[in-house]
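Student: Before anything else, here's the structure in question.
The values are calculated or read from the model by the stated rules, or taken from the named source; none is laboratory data. Nothing here was measured: the structure is a model prediction, and the numbers come from that model. Every residue, glycine among them, receives a Cβ derived from its backbone with ideal geometry; neighbour counts consider all protein chains shown.
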Amino acid sequence: MDVIERYLEAVAAQLPTEDREDIVAELRDLILSRVEAREEELGRALTDEEKEAILHEIGHPLVVAARYRKGPDSLIGPELFPYWLFGAKAGLIVIAAVQALGLLVHVLGAPADFGRAISQAFHGFFSGGLTLLGALTLAGAIMEHYDIKPTWLTQWRVRDLSAFGLADPAKWGASMAGSDKAKAEWLPKGAKVWGLRAETPRAAEALWSLIASAVFILWWIGAINFTGLGAFSLRGGEVSVTAAPIWSLLFAPILAWVVAGMAVDGITLWRPGAGRLRAFLKIPVAAAGLWIGWRLFEAGHWATLTQGDQTARVVGGTTNVSLEALRAINEAGRGLADTAMTLGSVLSWALAIIMLCLAFDILTQMWRIATVKDC
Amino acid sequence: MWRQVRRREVDKALFEAMRLELRRGSLVLAVLACLRTERYGYTLRQALAADGLEMEESTLYPLLRRLEGQGLLTSEWREEEKRKKRFYVLSPQGEAMLAALTEEWRGINASLDRML
């Protein structure tokens, strides 16, 4: 077969059947016209190499056929591309955040499996990311091919634009940074985080609190497990920790208390400027925390330590929150009973400090209600 | 002298990309103008080249089909020089479009002339 016919066959294979004959006939005339012009110039017939040089000038069959194709020239056109890019950036950031959180939980739960957890996180990120990019490209290509223009493409409103910060890693980083100095490292001068100026740390605190609460709830309902809490080693062997009945009794109130705290955090993120509303909501949450703390102090028995056939009760209470209790910790030995006594005193002090903070929070929020005028 | 210096500093690849972009919009107008007289693809390309507008076949032929699909050209297969060729010419709709685009082109040209 002649090189020209072979070339035309390759082009024809890429063309829609209804136009194929017509386009190929026209291309054949173009090529033959060029060959004839060149032959006239040289005064002889062209060799196959010379004909091939002309075909090279006309273009690769795939490129030539593509120019005749009806419909869009690209999978994602210039109008849709910014939306595709936003979806890809925001989605990848969310996938990375979810994988990072999962990695943190895995590492805390089973530090020995650190290597496997890292590998799982990377695998999760890459497979999730590729799936996301594939799905976005498929959706974009369908919209492009059928010229679908959803209302969000044409009828957008300025008040809906805040969500577009999701694709900015600087905003995510700044919102998680605790101190103003750390925020400044993420943010350009004068930039805002979730609608708050960089110097206001409330949004970052709320975000961290939300994440920490989510991890706590997962542990509380038994979805994840932290090794070291249920058992630990002590001179003389392994010690197992059994929770006292008060925890079963307070299971639902504690769960509800943490969920309520998450709701307040969510509102802080959603409406960072609503200071009075936040203050109104924080007071009952803090009061509920005080009640739970008081019930724990009243119960006294918090856990039982078991080592072999020996048991010792971890007892907490207001009597443990004293200087004598601290001195007793210093003098305590390393036996099971002394360990239980030390734990009881340390946890009592910790609970007392938490309750003090909650009481202080109630006073702060009351003062805010009296002084802050926004809502 | 200043222009010569500026020209030497121009990034060649960037200039080529911008030159093609600049030309792209004007090619449709040039093709419509050339097809006030009936021509087939090869002679049309020669006519454009003779007036200083070189155009690749792979761009010209699909463009002719697109313009025909938009109703701006009509075409007819006829035998000439022992071979069947497809002849293109402006349709009445194409003539009106050429007049409107010519007016627009002259307006842009005049604006740019004032600025440059």
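Student: Looking at A:Ala260, A:Ala212, A:Ala252 in this structure, which one is in a helix (DSSP H, G or I), surrounded by 13 or more Cβ atoms within 10 Å (Cβ to Cβ) and modelled with pLDDT of 90 or more? Step through it out loud before you land on a result.
Tutor: Details: A:Ala212 fails: modelled with pLDDT of 90 or more; A:Ala252 fails: surrounded by 13 or more Cβ atoms within 10 Å (Cβ to Cβ).
One residue alone meets the criteria, A:Ala260.
Student: So which residues in region A:41-67 are of a type in the set (D, E, K, R) and within 12 Å of chain B (Cβ to nearest Cβ)?
Tutor: Going residue by residue through region A:41-67, those that are of a type in the set (D, E, K, R) are A:41, A:44, A:48-52, A:57, A:67.
Within region A:41-67, A:Glu57, A:Arg67 meet the criteria.
Student: Then there's this: List the pairs whose first member sits in region A:323-335 and is assigned by TED's automatic domain parsing to the domain that holds A:Ser240, whose second member is among the acidic types (Asp, Glu) and modelled with pLDDT of 75 or more, and whose Cβ atoms are under 8 Å apart, counting only residues at least 6 apart or on separate chains?
Tutor: Sorted first by the residue in region A:323-335, then by its partner, the pairs are A:Ala332/A:Asp338.
Student: Checking B:Glu21 against (1) loosely packed, with under 13 Cβ neighbours inside 10 Å; (2) in a helix (DSSP H, G or I); (3) in contact (Cβ under 8 Å) with a residue 24 or more places away in the chain; (4) of a type outside the set (A, V, I, L, M), which test does it fail?
Tutor: It fails just one condition, (3).
Student: A:Pro72 is checked against (1) modelled with pLDDT under 85; (2) within 14 Å of another protein chain (Cβ to nearest Cβ); (3) loosely packed, with under 13 Cβ neighbours inside 10 Å and fails just one. What number does that condition carry?
Tutor: It fails just one condition, (3).
Student: Scan region B:70-116 residue by residue and report those that are within 14 Å of another protein chain (Cβ to nearest Cβ), at pLDDT below 90 and not in a strand (DSSP E or B).
Tutor: B:Glu81, B:Lys82
Student: Hey, B:Gly41 hits all of (1) more than 9 Å from chain A (Cβ to nearest Cβ); (2) buried (at least 17 other Cβ atoms within 10 Å of the Cβ) but one; which does it fall short on?
Tutor: Going through the list (1) more than 9 Å from chain A (Cβ to nearest Cβ); (2) buried (at least 17 other Cβ atoms within 10 Å of the Cβ), B:Gly41 breaks only (1).
Student: May I pose another question? Would you confirm, using the coordinates I've provided, whether A:Leu62 is buried (at least 20 other Cβ atoms within 10 Å of the Cβ), within 24 Å of B:Arg86 (Cα to Cα) and not hydroxyl-bearing (Ser, Thr, Tyr)? Quick ask: steps written out before the conclusion?
Tutor: On the way: buried (at least 20 other Cβ atoms within 10 Å of the Cβ): no; within 24 Å of B:Arg86 (Cα to Cα): yes; not hydroxyl-bearing (Ser, Thr, Tyr): yes.
When the stated conditions are applied, A:Leu62 does not pass them.
Student: Also, quick follow-up: Taking the stated definitions as given, is B:Arg65 surrounded by 16 or more Cβ atoms within 10 Å (Cβ to Cβ) and either of a type in the set (A, V, I, L, M) or outside any helix (DSSP H, G or I) (or both)? Can you show your working first?
Tutor: Working: surrounded by 16 or more Cβ atoms within 10 Å (Cβ to Cβ): yes; either of a type in the set (A, V, I, L, M) or outside any helix (DSSP H, G or I) (or both): no.
For B:Arg65, the condition - surrounded by 16 or more Cβ atoms within 10 Å (Cβ to Cβ) and either of a type in the set (A, V, I, L, M) or outside any helix (DSSP H, G or I) (or both) - is not met.
Student: Out of the residues in region B:48-58 that are crowded, with 16+ Cβ neighbours inside 10 Å and in a helix (DSSP H, G or I), state the one that is farthest from the other protein chains (Cβ to nearest Cβ).
Tutor: Looking at the filtered set, the residue picked out is B:Leu48.
Student: Is it the case that some residue within region A:284-292 is within 17 Å of A:Met366 (Cα to Cα), assigned to a helix (DSSP H, G or I), in contact (Cβ under 8 Å) with a residue 40 or more places away in the chain and under 31 Å from the mean Cα position of the chain (by Cα)? Before the answer, list the steps.
Tutor: First, pick out the residues of region A:284-292 that are within 17 Å of A:Met366 (Cα to Cα): A:284-290.
Those still in the list that are assigned to a helix (DSSP H, G or I) too: A:284-290.
So of that shortlist, the ones also in contact (Cβ under 8 Å) with a residue 40 or more places away in the chain come out as A:286-287, A:289-290.
Now restrict to residues that are under 31 Å from the mean Cα position of the chain (by Cα): A:286, A:289.
The answer is yes; a qualifying residue exists.
Condition check ((1) under 32 Å from the mean Cα position of the chain (by Cα); (2) outside any helix (DSSP H, G or I)) across all residues:
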{"position": "A:Val264", "(1), (2)": "yes, no"}
{"position": "A:Glu298", "(1), (2)": "no, no"}
{"position": "A:Trp302", "(1), (2)": "no, yes"}
{"position": "A:Val314", "(1), (2)": "no, yes"}
{"position": "A:Ile329", "(1), (2)": "no, no"}
{"position": "A:Asp338", "(1), (2)": "no, no"}
{"position": "A:Leu343", "(1), (2)": "no, no"}
{"position": "A:Asp361", "(1), (2)": "yes, no"}
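Student: Residues of region B:70-116 being farther than 30 Å from A:Arg28 by Cα and touching a Gly at 6+ places or on another chain (Cβ under 7 Å), which ones?
Tutor: none
Student: Related question: So, in region A:4-23, exactly how many residues are surrounded by 17 or more Cβ atoms within 10 Å (Cβ to Cβ) and either within 10 Å of chain B (Cβ to nearest Cβ) or β-branched (Val, Ile, Thr) (or both)?
Tutor: The number of residues fulfilling the criteria is 3.
Student: How about region A:336-363: which of its residues are loosely packed, with under 15 Cβ neighbours inside 10 Å and free of Cβ contacts under 8 Å to residues at least 12 places away in the same chain?
Tutor: Those that are loosely packed, with under 15 Cβ neighbours inside 10 Å and free of Cβ contacts under 8 Å to residues at least 12 places away in the same chain: A:Ala350, A:Ile353, A:Leu356, A:Cys357, A:Phe360, A:Leu363.
Student: Is at least one residue of region A:66-89 over 30 Å from A:Lys149 (Cβ atoms) and of a type outside the set (Ser, Thr, Tyr)?
Tutor: So the first thing to find is which residues in region A:66-89 are over 30 Å from A:Lys149 (Cβ atoms), and the list is none.
No, that holds for no residue.
Student: Check whether at least one residue in region A:125-133 is assigned by TED's automatic domain parsing to the domain that holds A:Gly91, in contact with a helix residue (DSSP H, G or I) (Cβ under 9 Å, 6 or more places away or on another chain) and of a type in the set (A, V, I, L, M), and report yes or no.
Tutor: Yes, region A:125-133 has at least one match.
Student: Ok, one more. State which residue pairs qualify: first residue at pLDDT 70 or above and inside region A:145-161, second residue in a loop (DSSP other than H, G, I, E, B) in any location, beta carbons under 8 Å apart, and separation of 6 or more residues or different chains.
Tutor: A:His145/A:Gly71; A:His145/A:Pro72; A:Leu153/A:Glu79; A:Leu153/A:Leu80
Student: Let me ask something else. Go through (1) within 15 Å of the chain's Cα centre (by Cα); (2) closer than 26 Å to A:Arg69 by Cβ and name the single condition B:Gln93 misses.
Tutor: (1)
Student: Within region B:27-37, is even one residue over 25 Å from A:Glu36 (Cβ atoms), in contact with a strand residue (DSSP E or B) (Cβ under 7 Å, 6 or more places away or on another chain) and surrounded by 15 or more Cβ atoms within 10 Å (Cβ to Cβ)?
Tutor: yes
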